[in-house]
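Have a look at the structure below before the remarks.
The values are calculated or read from the model by the stated rules, or taken from the named source; none is laboratory data. Quick caveat: nothing in here was measured; it's all calculated off a predicted structure. Methodologically, a virtual Cβ is constructed for each residue, glycine included, from the backbone with ideal geometry; neighbour enumeration extends over all protein chains shown.
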Amino acid sequence: MARSPFRSKALIAAVATVGALALTACSSTPADSPASTSPTTNVLAAKGLDDLSGKELIERLDTLPVAERPDGLVASVRPDEVLISENDGPETSVALPDDEFYVSVAPYVNRTHDCYFHSLTTCLGELRDQPIRVTATDVADGAVLADLTSRTYDNGFVGLWLPRGIEADVVVEYEGRTGRATVGTGPDDPTCVTTIALA
């Protein structure tokens, strides 16, 4: 029986989507990885990361050069914790501050990818180690929450610690281009923003 051309196109599109997510290894939706945690895992100790707080863990792994990142380690940033596993083994969690929300931003010019929960070890953005300026202001009252001029990390992202329970207007400037997005910091909001197109 001949295969419908419409079915073939749908199948190709589905395979392409899965392939793109596998290449970037970012979590695209909240339902990707249910939070099943195991307190007995010694993954962090094996990697020399067990003495770090959740905030320190994020800052260490997100800023680490890509070539130096631990093989097989997956660290997924959720709104209130970091879920960590190695080689599909059991997960352990490290709590994040009650009053701060971490969001990792990967602005882009030509290409991007879907992402919901930022992976500290596998997500890759387009603009790696590039000079940018990022500002974030509270949508409710216009208060400046962040204003930094730096470089994107080796993974193409830059991280922001924002107050919980707000909406922020995030503006990125890069080589005369500008992009912006509204970012939420609630319990169901993404920790990975890959939708800021620079034009």
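As a summary of the residue check, Leu120 satisfies the conditions (1) under 12 Å from the mean Cα position of the chain (by Cα); (2) of a type in the set (A, V, I, L, M); (3) closer than 19 Å to Leu198 by Cα except for the one numbered (3).
None of Leu61, Leu52, Leu57, Leu44 is surrounded by 15 or more Cβ atoms within 10 Å (Cβ to Cβ), at pLDDT 50 or above and in a loop (DSSP other than H, G, I, E, B) except Leu52.
All conditions in (1) closer than 17 Å to Arg180 by Cα; (2) of a type in the set (A, V, I, L, M); (3) in contact (Cβ under 8 Å) with a residue 12 or more places away in the chain hold for Leu120, with the sole exception of (1).
Within the range 66-111, the set of residues being acidic (Asp, Glu) and either in contact with a helix residue (DSSP H, G or I) (Cβ under 8 Å, 6 or more places away or on another chain) or at pLDDT below 95 (or both) comprises Glu68, Asp71, Glu81, Glu86, Asp88, Glu91, Glu100.
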